[in-house]
Amino acid sequence: QVQLVESGGGLVQAGGSLRLSCAASGSIWIIYTMGWYRQAPGKQRELVATITTGGRTNYADSVKGRFTISRDNAKNTVYLQMNSLKPEDTAVYYCNADGKTGWKDPRGDYWGQGTQVTVSS
């Protein structure tokens, strides 16, 4: 099993910055794509950003130019640097990883418990 633990959420004023971290641990054979998703109250969970093992990134249009995703493959850790935060960025942010626990095992989709990000106006 793979566990994902997020950290770095909190309360920040509009225009401020936060950095989220997510470390994967457990029975990891390989982690492929890692990413961040978010869910605001009353809304569906949406993609924020993803990054492949090779460093190819993908961003939601709403965060392009403000958020940067990165990862440390040796530590199985993914980061999300969030700048110029807006009140509409307020949500629970979830870490996601696509990986395998063994070479024969099927690929699994793993989620963290979520971390709250609140941006005040």
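The values are calculated or read from the model by the stated rules, or taken from the named source; none is laboratory data. The model shown is predicted, which means the values in this text are computed figures rather than measured ones. Note: ideal-geometry Cβ built from the backbone for every residue, glycine included; neighbour counts use all protein chains shown. Heads up: the accessible areas ignore ligands, DNA and RNA and are worked out on the full protein's heavy atoms, side chains in. Shrake-Rupley method; radii C 1.70, N 1.55, O 1.52, S 1.80 Å.
Computed about the Cα centre, the dipole magnitude for the chain is approximately 160 debye when only Lys and Arg (+1) and Asp and Glu (-1) carry charge, each at its Cβ.
As a fraction of the 1.4 Å probe accessible area of the chain, surface on carbon and sulfur atoms comes out at 48 percent.
Can you spot the aspartates and glutamates whose alpha carbon is less than 14 Å from LYS100's alpha carbon? Ignore those fewer than 8 places along the same chain. Reachable aspartates and glutamates: ASP109. Full extension of the segment from SER7 to ALA74, taken as 0.36 nm per residue of separation minus the current Cα-Cα distance, would add 22.3 nm. Summed over the residues of the chain and divided among them, the accessible surface reaches 53 Å² per residue at a probe radius of 1.4 Å.
Report, please, the projected area of the chain averaged over directions, based on the convex hull of its C-alpha atoms, in nm².
Orientation-averaged projected area of the Cα hull: 7.1 nm².
The simple Förster model, with R0 at 41 Å and r as the Cβ-Cβ distance, assigns ASP61 and TRP29 a FRET efficiency of 0.75. Using only Cα atoms, locate the centre of segment 1-63 and the centre of segment 65-91, then give the distance between them in Å, rounded to an integer. Comparing the Cα centres of segment 1-63 and segment 65-91, I get a distance of 7 Å. Working note: Karplus 6.51/-1.76/1.60 with θ = phi - 60° gives segment 19-33 the couplings 10, 9, 10, 8, 10, 9, 9, x, 7, 9, 9, 7, 10, 8, 6 Hz, where Gly and Pro are set to x. Which entries of LYS43/LYS64; LYS43/LYS86; LYS43/LYS75 have Cα-Cα distances beyond 22 Å here? Flagged as over cut-off: LYS43/LYS75.
In Å, what Kirkwood hydrodynamic radius results for segment 22-82 from the alpha-carbon pair distances?
12.4
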